[in-house]
1. Can you give the angle from 0 to 90° between the axis of helix 148-162 and the longest principal axis of the chain, with both taken from C-alpha atoms, to the nearest 10?
2. Percent of accessible area on the chain owned by carbon and sulfur, 1.4 Å probe?
3. Tilt of helix 56-68 relative to the longest C-alpha principal axis of the chain, in degrees (0 to 90, nearest 10)?
4. With r as the distance between the Cβ atoms of residue 126 and residue 78 and R0 = 30 Å, compute the FRET efficiency 1/(1 + (r/R0)^6) and round to 0.05.
5. Express the relative contact order of the chain as a whole percentage, based on alpha carbon pairs under 8 Å and six or more residues apart in sequence.
6. Summing -39500 (n - 2.57) over the DSSP H runs of n ≥ 4 in the chain and dividing by its residue number, what mean residue ellipticity at 222 nm do you reach, to the nearest 500 deg cm²/dmol?
7. Using Cα atoms only, what is the angle between the long axis of helix 16-26 and the major principal axis of the chain, expressed in degrees (0 to 90) to the nearest 10?
8. Any idea what the alpha-carbon Rg over 2.2 N^0.38 Å comes to for the chain?
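The values are calculated or read from the model by the stated rules, or taken from the named source; none is laboratory data. All of these numbers come straight from a predicted model, not from anything done at the bench. Cβ atoms come from the backbone with ideal geometry, glycine included; neighbour counts cover every protein chain shown. Accessible surface is based on the protein model in full, side chains and every heavy atom, while ligands, DNA and RNA are left aside. Shrake-Rupley method; radii C 1.70, N 1.55, O 1.52, S 1.80 Å.
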Amino acid sequence: MAALILSVVGSDRPGLTQALAAAVLSAEGNWLESHLSRLGGLYVGSVLVEVDGGKVEALRAAVQAVDAQGLDVRIAPTVAAPEAAGEAVHFSLVGQDRPGIVEQVTGVVSRLGANIETFETRVSIEPHSGARLFHLEARLRLPPALGVDAVQAALEDISGEIMVDISLRPETGA
């Protein structure tokens, strides 16, 4: 079996997920995992599928039909990766929105040698003041020699500067 990633982007409209699902099924593929959303008015995301090695070209042909409907679909093979070592940690952050939060936070995480496995952000409006609040949710994989306390301390060092509240806790089931 071939494991493939479908990366998609196009104008959002009803039926796009179904069109992708139909393309996968037409190649007798199995839809395993996906992250799809409306972002900036576009339909964007990624889908992990599994298809018999002899059906990869059938999937490519089916995807071209979806491309013809205005959805740009790219296909890439997955890569074998060693089992992730180190502790998985759930990281959340909330604070007043301003430019630079993501760069500063990811800079700290990168310097510590932690890997960002999932990363989601959004902006909401604070109900009482109307201020924009920035929310970040991530799963980090810490290197074996790095503890949660060290990550917490490094992020707290910048939390006052960027005016955010942070929370880290061990990820369960990771």
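1. 80 degrees
2. 53 percent
3. Around 80 degrees separate the two axes.
4. 0.15
5. 23 percent
6. The helix contribution divided over the chain gives -9000 deg cm²/dmol.
7. The angle comes out near 50 degrees.
8. Numbers: Rg = 19.7 Å, N = 174, 2.2 N^0.38 = 15.6 Å.
Normalised Rg, Cα atoms only: 1.26.
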